[in-house]
Amino acid sequence: MKQRVADRSREQNLKESRLPSFTQAEKKLIKGTADFLGSNFYSAGYETDEPQPPANPPNYYNDKATKGLTDPDWLGSGSSWLSVTPFGIRKMMNWFKTNYNNVSVYITENGVSDRNGTLHDWHLVHSFFYRFLDGNIYL
């Protein structure tokens, strides 16, 4: 990703990469100093290779050179981009545990939008929490 953003920055006639980099001294200074990790989670998906995404506008979605996909069997929501995927939060938490030395993690945002604009959609509430608990609670 670092090289990709640097290459795309040059293609956009920038003098340096849009992605800042740390010096070795800065990396050494901050390594292992996090007290916790905060993360938002709404939905999971699959990514496929998109080798020639548009160069402009320069943004995360074009830089990553992938195309997002969802499974049509996943429960939808009131937002086109959001599928109910509680297994994804479990995978994310396991990834944090493995890659960040079991640091404490706080889920700072999580939820699902509805289609009918009411807070009393008990079918959605039941479905969301059942799937959330099924995907995340291990006794």
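Would you please give the FRET efficiency between ASN13 and PHE87, computed as 1/(1 + (r/R0)^6) with r the Cβ-Cβ distance and R0 = 41 Å, to the nearest 0.05?
On the way: r = 43 Å, r/R0 = 1.05.
My answer for the efficiency is 0.45.
If packing is taken as the average count of other Cβ atoms within 10 Å, what order do 67-74, 107-114 fall into, highest mean first? Before the final figure, lay out each step's value.
Details: 67-74: 11.5, 107-114: 13.5.
Those peptides, ordered most packed to least, come out 107-114, 67-74.
For each pair in LYS28/LYS97; LYS67/LYS91; LYS28/LYS64; LYS2/LYS67, compute the distance between the two Cα atoms and list the pairs where it is over 23 Å. Don't jump to the answer; show the numbers that get you there.
Numbers: LYS28/LYS97 21 Å; LYS67/LYS91 20 Å; LYS28/LYS64 27 Å; LYS2/LYS67 19 Å.
Beyond 23 Å: LYS28/LYS64.
Test of understanding: extend the Cα→C-beta vector of PHE129 to 7 Å, then name every residue of the stretch 78-94 with backbone N under 18 Å from that spot.
Answer for this model: 84-87.
None of the figures in this text is laboratory data; all of them are computed from the coordinates on show. Since this is a predicted model, take the numbers as computed values, not measurements. Reconstructed Cβ throughout: ideal geometry from the backbone, glycine too, with neighbour counts over all protein chains shown.
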